Structure formats: C-alpha cells, structure tokens
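In what follows, a single structure is set out as structure tokens and then discussed.
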Amino acid sequence: MKAYHEWRHVFKLDPAKPIDETALEQLCESGTDAIIIGGSDNITEENTLDLLMRVRRYSVACALEVSTLNAVVPGFDYFLIPSVLNTRNTTWLNGLHHRALKEFGHMMNFEEVLSEGYCVLNKNSKVAQVTEAETDLGKDDVVAYARMTDQLFHMPIFYLEYSGTYGDPDTVQEVNHILEKSQLFYGGGITSVEQAEEMAERADTIVVGNVIYTDLKTALKTVHAVKKQVDERQ
Ligand code: 1GP
C-alpha cells in the first residue's frame, strides 16, 4: 500500500453510485495509487461499508473522505477530513469536526487521519452549494488559502476542488509553487488523457471522479498517463 504522500493518481468512488464488479476490478487493479470513497449525496453507513468491503478484495490503498458523521466506518487506511476554507458556514470549516471529536475523539487513531484544506471553486457543483462556498475568487485568494493550509494550519493536504468542471491550470501551477509541505490534490472535470497529463504536471496528486461513471475506458487511461510522467522523471 502506498502512503498518501506518494499518491500521484487516485480514483474517487461515490458509494451512492452503482459500479459493477468488472469495472471495480479494473479500477482497483489499474495501477492507481489509491481509491478514495466519498461523495456529497445519499452517503450512508451501508453503502460506504459495502463499497469498502468490495475494494478490500484488492491490495490498493483505500481512504474514506468523510462528508457526513452518519457514515464513518472503521477499516480504511486513511480518513480524509475536509475543512472548506472558503465556506460561509462554519459547520463545514470546523463545526462537524468539533461534533465528531466530542463524540469519537477519545477513540480515534490520529495516525490514520489526514486533514484537507479544501478550496471549492466550481459554484455549480453540489459541494459548493451544500457548503455555501464563496467561489468568486481570484488567483491571489486561492494562493492565500493555500498558504493558510500549508504555513498557518500545517494541514497535510491542500485540495483544489473543481468538482464537475475542469479547472484553471495556471492557478494549479501557482499554488504548486508556493506550497512547501502540504500535498497538492487537484480534482475536477478530468475527462481526457490530455487533461490528466496537464494537471498531473502541476499537482502532486490528481483525483479522477465522475468520468469513471461516464467513460470508464478513458478513466482507466488516465492512470497510465500519470505513471508515464513519473517514469519519465526518474
Ligand atoms: C470530486 O475532485 C473530485 O470530489 C473529482 O471531480 O468528479 O469532476 O472528476 P470529478
């Protein structure tokens, strides 16, 4: 299993969306570095546990990105805890976190927990609507959130979340330059090999989500595109 700071490519699977066995096997055996289980809608303990058990038949790392306290299931390699930095509602910044720590803090293994400084940038995405994100941001605003994550809060991951739309490569590049310790995750709208390559050149880790459900073949090809870059650099 690869540790999170070695991840270059990950697939994000939504427990609320059906995926057949063959597709799941292809994804888990594709050479991707990890499977993240997470989504914004209809996430339950039952569908999360079901998907975890299916992914566990393979040796790939598996992380839960926690979006609701009702579906926290043990047995993942990592628990990714997003804090939305550009939310207008503190629930999504630290509110749920406070509730979770009050209830489960005494029995949490913090070695498995990774906090993510989230910057949500597609105003039409479900995540932006749910978290009431202020998405009308300039590059300098995004850079400030990146510094907040890296230098002020010392969070291990800065996540540029364009969910559903392809992001701005220049912004990703600039953020990449200023981050010193936080790992840069880029996610959003990757639907082609070229886009996977473009963002993988700029971010530490690219997250491929929705295209899994619309064009599995292309989704699988993005793994090779990223790995090729890694090999060329060595
Ligand atoms: C969503 O960042 C991920 O949380 C991936 O985005 O579904 O648009 O690929 P897409």
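Out of all the residues in segment 178-205, which are touching a helix residue (DSSP H, G or I) at 6+ places or on another chain (Cβ under 6 Å) and near the ligand (Cβ under 9 Å from one of its atoms)?
Within segment 178-205, 186, 190, 191 meet the criteria.
With the condition kept exactly as written, say whether any residue in segment 208-230 is modelled with pLDDT under 95, surrounded by fewer than 17 Cβ atoms within 10 Å (Cβ to Cβ) and among the aliphatic types (A, V, I, L, M).
yes
For segment 173-189, which positions are acidic (Asp, Glu) and in a helix (DSSP H, G or I)?
174
Pick out the one residue from 170, 150 that is at pLDDT 95 or above, open to solvent by 50 Å² or more (accessible area, probe 1.4 Å) and outside any loop (DSSP other than H, G, I, E, B).
From the options 170, 150, the qualifying one is 170.
As an exercise: evaluate residue 41 against (1) within 13 Å of the ligand (Cβ to nearest atom); (2) open to solvent by 30 Å² or more (accessible area, probe 1.4 Å); (3) over 26 Å from residue 129 (Cα atoms) and give the number of the one condition it does not meet.
Checking residue 41 against (1) within 13 Å of the ligand (Cβ to nearest atom); (2) open to solvent by 30 Å² or more (accessible area, probe 1.4 Å); (3) over 26 Å from residue 129 (Cα atoms), the one that fails is (3).
Would you confirm, using the coordinates I've provided, whether residue 212 is of a type in the set (A, V, I, L, M), near the ligand (Cβ under 9 Å from one of its atoms) and outside any loop (DSSP other than H, G, I, E, B)? Break it down stepwise before answering.
Details: of a type in the set (A, V, I, L, M): yes; near the ligand (Cβ under 9 Å from one of its atoms): yes; outside any loop (DSSP other than H, G, I, E, B): yes.
Considered against the rule, which asks whether it is of a type in the set (A, V, I, L, M), near the ligand (Cβ under 9 Å from one of its atoms) and outside any loop (DSSP other than H, G, I, E, B), residue 212 comes out as yes.
Results for (1) open to solvent by less than 80 Å² (accessible area, probe 1.4 Å); (2) of a type outside the set (D, E, K, R); (3) under 22 Å from residue 228 (Cα atoms); (4) touching a Pro at 6+ places or on another chain (Cβ under 6 Å), shown as yes or no for each residue.
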site	(1), (2), (3), (4)
20	no, no, no, no
28	yes, yes, yes, no
34	yes, yes, yes, no
45	no, no, no, no
48	yes, yes, no, yes
61	yes, yes, yes, no
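Could you please find all residues in segment 158-175 being among the aliphatic types (A, V, I, L, M) and more than 9 Å from the ligand (Cβ to nearest atom)?
172, 175 - these are the residues of segment 158-175 that are among the aliphatic types (A, V, I, L, M) and more than 9 Å from the ligand (Cβ to nearest atom).
Within segment 63-79, restricting attention to residues that are part of a loop (DSSP other than H, G, I, E, B) and aliphatic (A, V, I, L, M), which residue is most open to solvent (accessible area, probe 1.4 Å)?
72
Suppose the filter is within 16 Å of the ligand (Cβ to nearest atom), part of a loop (DSSP other than H, G, I, E, B) and within 19 Å of the chain's Cα centre (by Cα); does residue 36 pass it?
It is false that residue 36 is within 16 Å of the ligand (Cβ to nearest atom), part of a loop (DSSP other than H, G, I, E, B) and within 19 Å of the chain's Cα centre (by Cα).
Can you pull out every residue in segment 84-126 that is assigned to a strand (DSSP E or B) and either farther than 20 Å from residue 10 by Cα or free of Cβ contacts under 8 Å to residues at least 24 places away in the same chain (or both)? Please lay out each step first, then the result.
As a first pass, look at segment 84-126 and keep what is assigned to a strand (DSSP E or B): 84, 87, 113-120.
Result: 84, 87.
The values are calculated or read from the model by the stated rules, or taken from the named source; none is laboratory data. This is a predicted model, so every value here is computed, not measured. Counting neighbours? That spans all protein chains shown, and the Cβs are built from the backbone with ideal geometry, glycine included. Keep in mind that these areas ignore ligands, DNA and RNA; they rest on the heavy atoms of the full protein, side chains included. Shrake-Rupley method; radii C 1.70, N 1.55, O 1.52, S 1.80 Å.
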